[in-house]
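Engineer: Next up is a structure, given as structure tokens.
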Amino acid sequence: PGVPYFMMGYTSEISWGLTTGFVDCYDLFIEEMNANQYRTQSGWKSLETKVETIEVKGQSSQEITIQKTHHGVLLEPLMKELGMSNIKSEQYQTSLYWSLQNVATSAGALALLPTATSAEEFGEFLFENEICPLVNNIICVDKESQLERYIATTMPVRKGVTGSVPLAGWMDKYDFLLAKPEQLLVEKNPSSGFALTANNDTMGESGEFYIHNFPAHSARADRIRELLTQKKKFSVEDFCSMQLDLYDLRASDVLPDLIKILQGSEETEVQLAAKLLDEWDCYSSTESIGACLYYPFLDRFWQRKFMHKVLKDDLINLLPSGAPGLNRFDI
């Protein structure tokens with residue numbers, strides 16, 4: 001929304017599509033402070049200070065002072081400036097790094113995508129001057145059947161860490177270089193004859209460096225692959241049917257063990273639940289009794305069994321049920 005470009009589409013030369021990449025372009029750093037200086041591996045450096053003016057509708061403008069290390073903005077002073085926190089953290093503070101914070105880029109590069117005449121040229125436009133303003137998995141195929149799949153983003157090449165926890169700001173080894181476009185080309189003309197993406201983990205554990213934070217579970221991607229390997233040629237109707245496919249591959253994997261657990265209960269309602277789930281075909285139609293039972297139960301089971309056990313807070317059991325998460329770390 002708000003981007004006046006064709007994020008997906010086709011021309012007489014190429015066709016392209018994408019899903020969200022859940023790419024981790026951010027890192028938090030713990031900075032050791034000494035008044036208006038912060039520690040680096042080579043010694044103490046002065047903070048960079050900048051005053052920003054925020055215009056407020058119907059009120060007078062407000063000025064806030066932003067303090068930065070070479071990693072990024074210090075969060076504690078900023079939160080205090082905004083009146084959102086009174087935490088006093090003098091010796092250690094947190095800075096936020098973003099891979100595009102000091103990189104000249106523009107979403108206008110996306111205007112070139114429909115003008116590409118080949119999948120290779122599409123990739124060149126996507127990474128204008130080796131920089132891409134997106135965070136997506138993108139597939140492009142041209143009329144010569146040349147196919148390329150990219151992780152379309154600008155991100156750090158992390159070595160030895162995942163970026164999921166804060167890093168020591170005074171250690172140079174955590175000042176990572178940005179990935180090159182060739183490192184973000186996932187596949188080119190795969191032997192299978194097709195490529196797919198469904199918000200899932202693009203590289204798995206085989207990648208050169210850590211890319212995703214919370215990618216979607218692989219079940220949807222696995223189901224797409226399952227459908228695409230059923231035959232060699234597909235009609236428009238076939239693809240329409242795939243778009244409406246309701247089979248839950250993850251449910252088919254979880255159900256056998258879940259049913260065994262439920263069958264161990266002597267409660268009548270639990271036994272009924274086990275029976276209904278055992279009869280379910282894993283298709284999530286609006287008429288499905290099994291689906292109506294499975295999804296709320298799975299979410300509540302996760303909430304009560306695991307979250308309550310870890311957090312030891314009875315409030316967890318009072319929260320309303322929500323849709324099961326899509327990321328790969330959920331059940």
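The values are calculated or read from the model by the stated rules, or taken from the named source; none is laboratory data. As the structure is a prediction and not an experimental result, all values here were calculated from the model. Glycine also receives a Cβ, built like all others from the backbone with ideal geometry; neighbour counts cover every protein chain displayed.
Engineer: Find all pairs meeting these conditions: Cβ atoms under 6 angstrom apart; at least six residues apart or on different chains; first residue within region 259-287 and assigned by TED's automatic domain parsing to the domain that holds Arg223; second residue modelled with pLDDT under 95.
Structural biologist: Once the first residue is assigned by TED's automatic domain parsing to the domain that holds Arg223 and sits in region 259-287, no partner that is modelled with pLDDT under 95 comes close enough.
Engineer: Hey, another quick one. Among the residues of region 148-187, count how many are touching a Leu at 6+ places or on another chain (Cβ under 7 Å) and surrounded by fewer than 18 Cβ atoms within 10 Å (Cβ to Cβ).
Structural biologist: 3
Engineer: Kindly indicate the residue of region 281-292 that is within 31 Å of the chain's Cα centre (by Cα) and assigned to a loop (DSSP other than H, G, I, E, B) and also farthest from Arg250 (Cα to Cα) among those meeting that condition.
Structural biologist: Here the residue is Thr286.
Engineer: Pairs only if they're at least six apart or on different chains, beta carbon under 9 angstrom, first in region 85-114 and farther than 21 Å from Leu47 by Cα, second modelled with pLDDT under 80; list them, first residue then second.
Structural biologist: Ala107/Val3; Leu110/Val3
Engineer: Also: Filter region 101-116 down to residues that are in a helix (DSSP H, G or I) and within 21 Å of the chain's Cα centre (by Cα) and give me whichever is surrounded by the most Cβ atoms within 10 Å (Cβ to Cβ).
Structural biologist: Within region 101-116, the match that is surrounded by the most Cβ atoms within 10 Å (Cβ to Cβ) is Leu110.
Engineer: Which one of Glu144, Glu120, Glu130, Glu124 is touching a Lys or Arg at 6+ places or on another chain (Cβ under 8 Å) and in the same structural domain as Pro215 (by TED's automatic domain parsing)?
Structural biologist: Checking each option against the conditions leaves just Glu130.
Engineer: Search region 124-153 for residues being more than 15 Å from the chain's Cα centre (by Cα), among the hydrophobic types (A, V, I, L, M, F, W, C) and part of a strand (DSSP E or B), and hand back the single one that is nearest to Lys180 (Cα to Cα).
Structural biologist: By that ranking, first place goes to Ile131.
Engineer: Continuing with the same structure: Go through (1) surrounded by 14 or more Cβ atoms within 10 Å (Cβ to Cβ); (2) within 32 Å of the chain's Cα centre (by Cα) for Val270 and report which single condition fails.
Structural biologist: Unmet for Val270, out of (1) surrounded by 14 or more Cβ atoms within 10 Å (Cβ to Cβ); (2) within 32 Å of the chain's Cα centre (by Cα): (2).
Engineer: If you check every pair at least six apart or on different chains, which have Cβ atoms under 6 Å apart with a residue in region 51-73 that is over 21 Å from Trp98 (Cβ atoms) first and a residue that is of a type in the set (D, E, K, R) and assigned to a strand (DSSP E or B) second?
Structural biologist: Pairs that qualify, where the first residue is over 21 Å from Trp98 (Cβ atoms) and the partner is of a type in the set (D, E, K, R) and assigned to a strand (DSSP E or B), are Thr53/Glu63.
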